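All of the numbers you see were taken from the coordinates with simple rules; none came from a lab. Given the structure is predicted, the values throughout are model-derived calculations rather than measurements. Cβ atoms come from the backbone with ideal geometry, glycine included; neighbour counts cover every protein chain shown.
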Amino acid sequence: MTTTESDRDPNPANRAVIAELRSNAGRVGGYFAHTPLLLLTTTGARTGIPRTRPLAYLLDTDRYVVVAANAGARQHPAWYHNLVFQPEVVIEVGKTTSTAPPSSSAAPSATPCSNASRAPIR
């Protein structure tokens, strides 16, 4: 993966998690050791610069489900706005990197998750 603006993210925790995920085939230790994490790269809506963020996810059959909760804040996280602006994303899970086509992420989905609701939470 090429260097992105997020590799210079002012949040040292994000930088550390991104580096650890990439160097350890998608695994991290510490607080997130038992949390499935993926890296979501979106295109900045204002800047056009790729932005990568580590996100917890649930696997629902054949799709990754992430929640734009922004730690309970009233506004959506920046990556959500970027996704709405440009739905083409890069997803890194473990050693696999894939591009999600616009048709799969063109709009935030309110589609119920079949398996995610039954997934154990750690």
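For ALA45 paired with ALA78, estimate the spin-label separation in nm (one decimal), with each label point 7 Å from Cα along the Cα-to-Cβ line.
1.3 nm
For LEU59, project a label point 7 Å along Cα to C-beta. Then give me every residue of segment 19-34 with its amide nitrogen under 20 Å of that point.
Under 20 Å, as judged by backbone N against the label point of LEU59, lie 21-29, 32-34 of segment 19-34.
Normalised by the number of residues in segment 5-103, what is the relative contact order in percent for Cα pairs under 8 Å and 6+ residues apart?
Values: 145 pairs, mean separation 26.2, N = 99.
Value for segment 5-103: 26 percent.
Pop the C-beta distance of THR35 and GLN86 into the FRET formula with R0 = 41 Å and round what comes out to the nearest 0.05.
Numbers: r = 27 Å, r/R0 = 0.66.
Plugging the Cβ-Cβ distance into 1/(1 + (r/R0)^6) gives 0.95.
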